[in-house]
Structure formats: structure tokens, C-alpha cells
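So the structure is just underneath, and the comments pick up after that.
The values are calculated or read from the model by the stated rules, or taken from the named source; none is laboratory data. The structure displayed is predicted, hence computed values, not measured ones. Positions of Cβ are backbone-derived with ideal geometry, glycine not excepted, and every protein chain shown enters the neighbour counts. Heavy atoms of the whole protein, side chains included, go into the accessibility calculation; ligands, DNA and RNA do not. Shrake-Rupley method; radii C 1.70, N 1.55, O 1.52, S 1.80 Å.
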Amino acid sequence: MSEVRYYSNGKLLISGEYAVLDGAEALAVPTKFGQDLVVSKNESQKIVWKSYDVDGIMWYADTFSIAQVLSEDKHPNPITQTLWDILRVAHQLNSSVLHPTNGFEVSTHLTFSRKWGLGTSSTLINNIAQWFRIDAFELLQKSFGGSGYDIACAQTDSPIFYQVKSQRVLFNRVDFNPSFKDQLFFVYLNQKRNSKEAIRSYREHQVGVKEIQQVTSYTRKIYEASTLREFEDLINQHEAFLSDLLRTQTIKEELFLDYQGSIKSLGAWGGDFVLVTGQENEVKKYFNDKHYHVVISYDEMVL
């Protein structure tokens, strides 16, 4: 049986983190890195699943029957259990794929390190949605939950404005191509933070219409910035505003206070990538000296 391949882009949230959950407009970019899902059908009544990291090393493998997926069974492996949960929701949305007489060989292949936080889960969900011919946003909400901006990036080949209004997803392509992009870099912090803690701090603050409008205003102004200085001023203001809402230090205050350029958290504060400004040689020297060795230029990262 011939193979079918599905592919989804990774993601980065440039502005609007946390507040996007409450309807603020966010600026997000799909990445040149992503994940595919390759499916071949057979009659084994089983699913043989293998997942590969960017280096070609298989980081997950399991075999299970379609009957197990469609049952209420629990699995001791949390990765398998999560996969079953997604497949069960997908089956609820389209029951024609996982017929008990079918079988599948499935493999996934990342083009970025799964430690990077560029969307291992969102690209998987979007690929499974393509396989099942269902709505990826509905699959996300009924499985993982979240704002959905990562699903929009998975499907879109350009930067986007993203917003959730009255439980409806709104996003449109924008031409975000700053003239100073040669002075924008993404630095991997190689640490995970508990985003639930930050969300709880954010939820404890009185976040009203005024705050959401302010974040939306930052998003629009960051998008429209015509000079690096203006862009830096705006991302500094965005960081300070969110710092107050989250009751936590900015990443620059915490780790890089002596850095001359600007630094902005992307998505969950303190983990994965940050956006930094500066000249390439200065950026790489500063962060390499501090043992942060994954420094990716804007053009290398953004689709």
C-alpha cells in the first residue's frame, strides 16, 4: 500500500503571550522547521507507530491494536496514552479511518529538536487532523486545549495575526518582513518552565478589557515598527507590561541584565526560545560565552 505524507510547520509567538487566551490579538510566525507524519495502510488490525527526532534517532515506538485505541483501556506509557487520547477524539470526529479491520504503519519525523518547543504536539495534532480529514482546531480543543495559534501556524506559510473572539478562531496572513530582520535572532534557553504556574499568576491578576486592548495595541505597533529602535522600545514595553501581569521578572532582568540589546520571551516565559536584537557577531559572542549555543537568525527560523 502506498504511503501518504502529511506535514505541518512549527511555531513561535512573537507578541500576545498569555493574553491571547483572553482575546488579545497576537503576532505569530510559522517556522521553517516542522514535523511530518507518514501513513501506510494494511489489514493488520494494529497500528505500528514510530517517532524520530531530527537526528534520525527513534525516540518513541509502540504497537497497539485498533481495538485498544477504540476501547476505554489505559496504557502505562504516558506517551502512548496521550496518543490514544488524540486518536480517540479524532475517531469521534471521523469514525471512517480507524475501522477494526484496518491497520497502519505510522512514522513521524521532526526537522527540529523536540526539546526546542517549536510545536512537537501542535504539528502532530495538525497532521493527525489532516489524516482523519477533520478540523484541527476542534481536535486541539477536545484533546490538549490551548489558544490554537500553534495550529494556525502549522497550516499557514506566512506570519499571522491571531485572535480568539467569542470562541471563534480568527487569523489572517500578514506581511511581517522587518527591514532590520538581520538584527533579529532566536536564542534557545535550554530550560523548561511550568507555564501553568505563570498562567495561574496571570489569572490572579484583574485582566480586563483595558489590558487586552493594550496587548493588542502592542501587537499592532510591533508589526508596524519601521526601525530597530522603535521595535526594541515596543518589545521592552510588552515585556514590562506582561511582567506586571505575571508578577515575575522579565528574562532579561533574570538572566541577561548586562546585555546591550533587547530580549523578548516567546510563548511560555522563561523556557524554549527568546527573541534578541543586535549585530550577529555580538549576539553570538555574548550568548555563546554564557553557554547558549543555539542562536538562529530570523531568516533561518521564520518561514
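Taken over region 98-141, the residue count meeting the criterion of being under 30 Å from I296 (Cα atoms), touching a Lys or Arg at 6+ places or on another chain (Cβ under 6 Å) and of a type outside the set (V, I, T) is 2.
Whether any residue in region 127-147 is touching a helix residue (DSSP H, G or I) at 6+ places or on another chain (Cβ under 9 Å), outside any loop (DSSP other than H, G, I, E, B) and within 22 Å of N190 (Cα to Cα) is what I want to check. No; the residues of region 127-147 include none that is touching a helix residue (DSSP H, G or I) at 6+ places or on another chain (Cβ under 9 Å), outside any loop (DSSP other than H, G, I, E, B) and within 22 Å of N190 (Cα to Cα). Of the set (1) hydroxyl-bearing (S, T, Y); (2) surrounded by fewer than 16 Cβ atoms within 10 Å (Cβ to Cβ); (3) touching a residue at least 40 places away in the same chain (Cβ under 8 Å); (4) within 20 Å of S121 (Cβ to Cβ), all apply to S8 but (2). Annotation note: Cβ proximity below 8 Å between a residue of region 45-61 that is outside any strand (DSSP E or B) and a residue that is β-branched (V, I, T) and open to solvent by less than 50 Å² (accessible area, probe 1.4 Å) (sequence gap 6+ or interchain) occurs for Q45/I66.
Within the option set R229, R200, being at pLDDT 95 or above, out of contact with any helix residue (DSSP H, G or I) (no Cβ under 9 Å at 6 or more places or on another chain), of a type in the set (D, E, K, R) and farther than 21 Å from P30 by Cα holds for one residue only, R229. Of all residues in region 80-103, none satisfies the criterion of being closer than 10 Å to F132 by Cβ, hydroxyl-bearing (S, T, Y) and open to solvent by less than 10 Å² (accessible area, probe 1.4 Å). Quick check: is even one residue across region 88-99 of a type in the set (G, A, S) and part of a strand (DSSP E or B)? No, every residue in region 88-99 fails to be of a type in the set (G, A, S) and part of a strand (DSSP E or B).
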